[in-house]
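Q: Structure incoming, see below.
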């Protein structure tokens with residue numbers, strides 16, 4: 001399953017480490033940049049709790065939840081048939 005499809009399946013508050021476990025093959029720095037982009041685009045909301053250490057979680061916004069709804073059939077298709085689709089090489 002593609003990283004986009006895996007992330008689309010995540011709902012509710014998630015910490016960075018949960019995203020890192022799902023989205024493999026990119027650096028923590030790049031994942032942080034992508035989460036910031038999603039926040040700027042209004043698809044996720046960042047929540048900071050003043051604990052020691054600081055706890056940061058991300059939740060889908062209303063727009064993000066709607067996007068998840070739209071992508072869910074693609075996620076399900078990918079789970080069922082994605083392994084059969086030819087992948088580009090090289």
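Q: Is there any pair with a first residue in segment 67-90 that is in a helix (DSSP H, G or I) and a second that is surrounded by 12 or more Cβ atoms within 10 Å (Cβ to Cβ) and at pLDDT 80 or above whose Cβ atoms are under 8 Å apart and which are 6 or more apart or on different chains, and what are they?
A: 67/43; 67/60; 68/60
Q: Tally the residues that are within 19 Å of residue 20 (Cα to Cα), surrounded by 10 or more Cβ atoms within 10 Å (Cβ to Cβ) and touching a strand residue (DSSP E or B) at 6+ places or on another chain (Cβ under 7 Å), restricting the search to segment 44-90.
A: So the count comes out to 12.
Q: What pairs come up if the first residue lies in segment 20-46 and is outside any loop (DSSP other than H, G, I, E, B), the second is loosely packed, with under 14 Cβ neighbours inside 10 Å, and their beta carbons are under 6 Å apart, counting only those six or more places apart or on different chains?
A: From residues that are outside any loop (DSSP other than H, G, I, E, B), the pairs are 39/46.
Q: Okay, next question. Do we find that residue 8 is touching a strand residue (DSSP E or B) at 6+ places or on another chain (Cβ under 8 Å) and either under 25 Å from residue 81 (Cβ atoms) or at pLDDT below 85 (or both) in this structure?
A: It is false that residue 8 is touching a strand residue (DSSP E or B) at 6+ places or on another chain (Cβ under 8 Å) and either under 25 Å from residue 81 (Cβ atoms) or at pLDDT below 85 (or both).
The values are calculated or read from the model by the stated rules, or taken from the named source; none is laboratory data. Keep in mind it's a predicted model, so treat the numbers as computed, not measured. With ideal geometry, Cβ positions are generated from the backbone for all residues, glycine too; neighbour counts draw on all protein chains shown.
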